[in-house]
Ligand SMILES: Cc1ncc(COP(=O)(O)O)c(C=O)c1O
């Protein structure tokens, strides 16, 4: 690195890959000497909005070494403020460098209570004062966003927030404006730096998707267009329909079926179960309420059913007890004979069996109920068949594993989750209903202010008639763009890849005498534990909980825990297209290392992990 004071700034910027700042540095008269003295705040002040770029610049400045002392006047911040304000942009395509210069225009640093910039009555707006400046900031944010995902593997999966960061979220309601660049700086430092971690290759906790870059762009564009998907005649509404149609195709539902995009699986299940209730109630539940139902309705799911179904029963006015938990068989699937017996008993007791809720991919272990057998039984008993396919429905597109969910197309209603195995950025769920008229009859209301019109904006379909929401976000775009870019076949192969990873992890676990699988690995969920000899079940639970917590705290990997048939275990749900084979090897290695360290040294015996090295 050159050490002389007369640094060739252009060459130096070229070497560190940040030539876009050359013009800006020139406009601010930044020479080699001044550069060596620049701080993070100085860089911000001259308009380096990107956190990542400031970091890179500061590292490169540190490598230059410091300049000899200069008269204080040369260091005063005003020297960094451009003396020449860039001419106003001639078009919206003004380049980022010009835009960043304008960030420092004197107008931007005026106190906000100057009378001439107080909004004139009737003219106040949320639009930027200067679009070219907004463009520069947006470009910098995009630069950071790309780097954020590109480098995600090099960061800890998760890290604890320092107290000052936590405290920042107690800040009071902002009453005065702040520059967007400053707002973004705060977001970068307090939010982006402390994620949940589910975009990381070694995140396997609970059951998440990993989001995706194109989907994120879709969310951005959806917000830019800002359309309300309550309905109407506009392109977003047609795309909403189209994505629902594509999802029907993926799971083999007929085109005549209906569907709606919702926030996630929990809401999708509520939609399906509400239709089931109304169809089977024998009275007009919408008009008369559940109190008018003659015989109590019974719903049946396995004892592995997701907790959202309990919430659904409660919210639908049926109560938790209406949900019968049927025991599971050796493969952790609903026991079909036990279900048959429960239905018979409820009928004999004068109750009204209403709906079988099959699970295609249980949250604990990924077990898939015997869908063809449950479809046959539901049809025999004249019950509604709802399938909770939040985890597993999309296996239908996976070439090597689709057979596992054969029969899913027989459901009367189906819940699925594009924010899981299509990796749509949260939130995106979908409810499909075979009988479109029953679906619409459950939710449609046409108030006087939402009448259809023969032409114009209100001539399109009212999408709010298929669910509980009136205003709806443009969820379809993020799903549509990623499907268009990658094609559904790739998403299918990625599902196969996750399932392969889970089976490989299971094999690695089985090869280690101190590890054991706690449930058979069916699809992409692996339940396992560290189990050295001589410990009782309470001690094993404590030990495994501590392994899980340390693994998270050290930023190595994120798994969660659960209890399967009375046995506590760690649980890795591999729904992550960034995961590689070596990540699974690391999980096994680190589980053993942490387990042994805890057994040997107790809770105090912490070793240095990834987090400390980072
Ligand atoms: C089987 C099952 N059903 C329903 C849900 C709820 O889905 P969401 O979190 O999208 O509301 C989940 C979530 O993981 C699930 O695994």
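Summary of computed values
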| quantity | calculated |
| --- | --- |
| Matching option when the condition is more than 19 Å from the chain's Cα centre (by Cα), surrounded by 10 or more Cβ atoms within 10 Å (Cβ to Cβ) and not assigned by TED's automatic domain parsing to the domain that holds residue 552, among 124, 160, 164 | 160 |
| Any hit, the range 440-452, residues being crowded, with 19+ Cβ neighbours inside 10 Å and within 15 Å of the ligand (Cβ to nearest atom) | no |
| Which numbered condition residue 364 fails, given (1) touching a helix residue (DSSP H, G or I) at 6+ places or on another chain (Cβ under 9 Å); (2) within 10 Å of the ligand (Cβ to nearest atom) | (1) |
| Test: residue in the range 172-186 that is outside the structural domain of residue 405 (by TED's automatic domain parsing), within 21 Å of the chain's Cα centre (by Cα) and in a helix (DSSP H, G or I) | yes |
| Test for residue 260: is it at pLDDT 95 or above and surrounded by 23 or more Cβ atoms within 10 Å (Cβ to Cβ) | yes |
| Residues (surrounded by fewer than 24 Cβ atoms within 10 Å (Cβ to Cβ) and within 10 Å of the ligand (Cβ to nearest atom)) located in the range 263-285 | 263, 264, 266, 267, 270 |
| Test: residue in the range 91-110 that is at pLDDT 75 or above, out of contact with any strand residue (DSSP E or B) (no Cβ under 8 Å at 6 or more places or on another chain) and part of a loop (DSSP other than H, G, I, E, B) | no |
| All positions within the range 346-371 that are assigned to a helix (DSSP H, G or I) and surrounded by 24 or more Cβ atoms within 10 Å (Cβ to Cβ) | 371 |
| Selection count where residues are away from the ligand (no atom under 16 Å from the Cβ) and outside any helix (DSSP H, G or I), scope the range 286-312 | 7 |
| Condition met for residue 431 (away from the ligand (no atom under 11 Å from the Cβ) and over 21 Å from the mean Cα position of the chain (by Cα)) | no |
| Criterion (modelled with pLDDT of 95 or more and under 30 Å from residue 422 (Cβ atoms)) met by exactly one of 592, 515, 584 | 584 |
| Subset of the range 48-72 [at pLDDT below 80 and under 35 Å from the mean Cα position of the chain (by Cα)] | 49, 50, 51, 52 |
| Subset tally (residues that are in a loop (DSSP other than H, G, I, E, B), away from the ligand (no atom under 16 Å from the Cβ) and touching a strand residue (DSSP E or B) at 6+ places or on another chain (Cβ under 9 Å)) for the range 372-426 | 5 |
| From the options 344, 338, residue that is more than 28 Å from residue 525 (Cα to Cα) and in the same structural domain as residue 367 (by TED's automatic domain parsing) | 344 |
| Checklist (1) over 25 Å from residue 471 (Cβ atoms); (2) within 16 Å of the ligand (Cβ to nearest atom); (3) part of a helix (DSSP H, G or I) applied to residue 189, failing item | (2) |
| Among residues of the range 236-275, those that are closer than 18 Å to residue 360 by Cα and touching a residue at least 40 places away in the same chain (Cβ under 8 Å), counted | 16 |
| Residue tally, condition touching a strand residue (DSSP E or B) at 6+ places or on another chain (Cβ under 8 Å) and touching a residue at least 40 places away in the same chain (Cβ under 8 Å), over the range 509-520 | 5 |
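So that you can scan it fast, the table gives a plain yes or no per residue for (1) outside any helix (DSSP H, G or I); (2) more than 20 Å from the chain's Cα centre (by Cα):
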| residue | (1), (2) |
| --- | --- |
| 471 | yes, yes |
| 485 | no, no |
| 495 | no, no |
| 506 | no, yes |
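The values are calculated or read from the model by the stated rules, or taken from the named source; none is laboratory data. As the structure is a computational prediction, the values presented were derived from the model and not from experiment. With ideal geometry, Cβ positions are generated from the backbone for all residues, glycine too; neighbour counts draw on all protein chains shown.
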